[in-house]
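Notes follow the structure.
Where a number appears in this text, it was derived from the coordinates with a stated rule and is not lab data. Note that the structure is a prediction, hence the values are computed from the model and not measured. Cβ coordinates were reconstructed from backbone atoms using ideal geometry, including for glycine residues, and neighbour counts include every protein chain displayed.
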Amino acid sequence: MKRLFRTKPVEHLHAEAADDSHGLKRVLSRMSLVSLGIGAVIGTGIFVLTGHAAADYAGPAVALSYVLSGLGCLFAGLCYAEYAASIPIAGSAYTYTYATLGEFMAWIIGWDLILEYLFAAATVAVGWSKHFIPFMKDFFGVALPEQWCRAPLDYVDGKIVQTEHFVNVPAILLVWVICALLIVGMKESARFNNVMVAVKVTIILLIIGLGWGYINWDNLTPFIPENTGEIGKFGWSGVGKGAAVIFFAYIGFDAVSTAAQETRNPQKDMFWGMIGSLGVCAVLFVGVSIVLCGMVSYKELHVDAPVVYALEKVAGDSLKWLRMSVEIAVLAGLSSVILVMLMGQPRVFFSMARDGLLPQAFARVHPKYGTPHITTLVTGAVCSLLAGFLPLNLLGELVSIGTLLAFTVVCVGILVLRRTRPDMPRPYRTPWVPFVPVMGALICIGQTLLLPADTWLRLLIWMALGIVIYFAYGRHHSRLKHHG
């Protein structure tokens, strides 16, 4: 039992951080990290979840839901920032847990991060495909065959059922194109992400700017609609329920920490990468939610494309062109989310392999491109299978619970590290300890309790599989075991 909870000495981690023989190239600047964070966070959530959360739970106060949910992410982000500056290693929460809670818990979190990064990439790829098909038909008159654009399996009433479709080809192709880009180089991938981020942020600012002139301030009164008598249906409980629902919109900013070994100055820039991107996204989310609920009554927003619906209703044909712009922003947004998720997962595998918990082939770096090409190929293969054959709703819930678990452990780890290594050099220190980590952990735990019971069951099955793999392979090949 004692061996299961042996921690990796922080001195070893600092030596690894200073050693450039790992082959990863330090090419990322502070602005690149902020752009990666924005790229990871802004997807369809801002265009779809905002309307649904307003119509069903919070009304115009969905803006407060975004603030509340963002606050939970901020607490976790401040904890991530201390770790990323102090231990600038590619493994993110896995590495941080290894230093604080021991090898077994590190494996659990590493296994859990697969749910966040790999399953998130697959989920978003399916979502991208759902937007790409009507986009091609509506704007270019190209009707793609449905049987080759949908998964052969669906998830209905808690059961997996077979459909008449064959495979989701667009989702698979997108995953492989992005994996090829990630193998060619981090600098090239960052440039692609910068373009995608510029496109979607420009269009979001355009929506806020144009929509502001069409706000009917009566639609924002009362700002917090009266509760219906049911918990979570408007009132302050509705604001809380809305925050839990739109938490998915914030997922991804933590993936920035996986690029620590490819950052020029991780001690100073990691904080700005995570907290800066989180702040920009929160401002954009709040801006869109106020404009959206101001243009039309929140009661009308439970539609597939609430932003397009609201703009067309208040402006008619004069802003018809903006619909295409919104669709382009969605496709660009989802593309950058997939890129950052498929960037993060291989680097977690890379760190686990360097520690001996996965085969050494996973720790190889391409001699020319300086990227973890083996783990990127493995991640791409698994992700494309998930995206091609599994339904969106089955994947999405696993992503949320995996992320919340990782956030919780990172917050707890800060408390442990402050007690066990109080004198450790910290280029950045999480403020107001223990308040910030305790609140971060409590908010994340609270949101997991709002998820369906069958999501917890699937998490337990996934974790049981991971534990079997650890005891069958990782425990016996651990470098910490052989080197003390």
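Here, the chain is characterised by an Rg to Rh ratio of 0.96, where Rg is the alpha-carbon radius of gyration and Rh the Kirkwood radius.
Starting from 0.36 nm per residue, how many nanometres of slack lie between E312 and E226 once their C-alpha separation is accounted for?
Length gained between E312 and E226: 28.1 nm.
Taking a ≥ b ≥ c as the square roots of the eigenvalues of the Cα gyration tensor, an a/c ratio of 1.5 or more together with a/b no larger than b/c marks segment 179-252 as oblate.
Counted by Cβ distance under 13 Å from V184, the other residues give a net charge of +3, where Lys and Arg count +1 and Asp and Glu count -1. Here is how the number arises for the chain: DSSP H runs of 4 or more residues each give -39500 (n - 2.57), the sum is divided by the residue count, and the result at 222 nm is -21500 deg cm²/dmol. Computed from the Cβ-Cβ distance with R0 of 22 Å, the FRET efficiency linking R419 to R3 stands at 0.50. Ranked by the mean number of other Cβ atoms within 10 Å per residue, highest first, peptides 420-429, 307-316, 241-250 order as 241-250, 307-316, 420-429. For K481, the aspartates and glutamates whose Cα falls under 17 Å of its own Cα, not counting residues fewer than eight places away in the same chain, are E11, E103, D355.
For K320, the lysines whose Cα falls under 30 Å of its own Cα, not counting residues fewer than eight places away in the same chain, are K130, K137, K200, K299. For L173 and K299, the difference between the fully extended length at 0.36 nm per residue and the C-alpha to C-alpha distance is 41.6 nm.
In terms of packing, defined here as the mean over residues of other Cβ atoms within 10 angstrom, the peptides 369-381, 405-417 line up highest first as 405-417, 369-381.
Partners of K233 within straight-line reach, counting aspartates and glutamates whose Cα lies under 12 Å from its Cα and excluding those fewer than 8 residues away in the same chain: D56.
When only the Cβ of Lys, Arg, Asp and Glu is charged (+1, +1, -1, -1), the dipole of the chain relative to its Cα centre reaches about 1540 debye. If you take all other residues with their beta carbon under 10 Å from the beta carbon of T430, and give Lys and Arg +1 and Asp and Glu -1, the sum is +2. Positive end of the dipole of the chain (Cβ unit charges, origin at the Cα centre): among A125, I87, A180, the Cα lying farthest that way belongs to I87.
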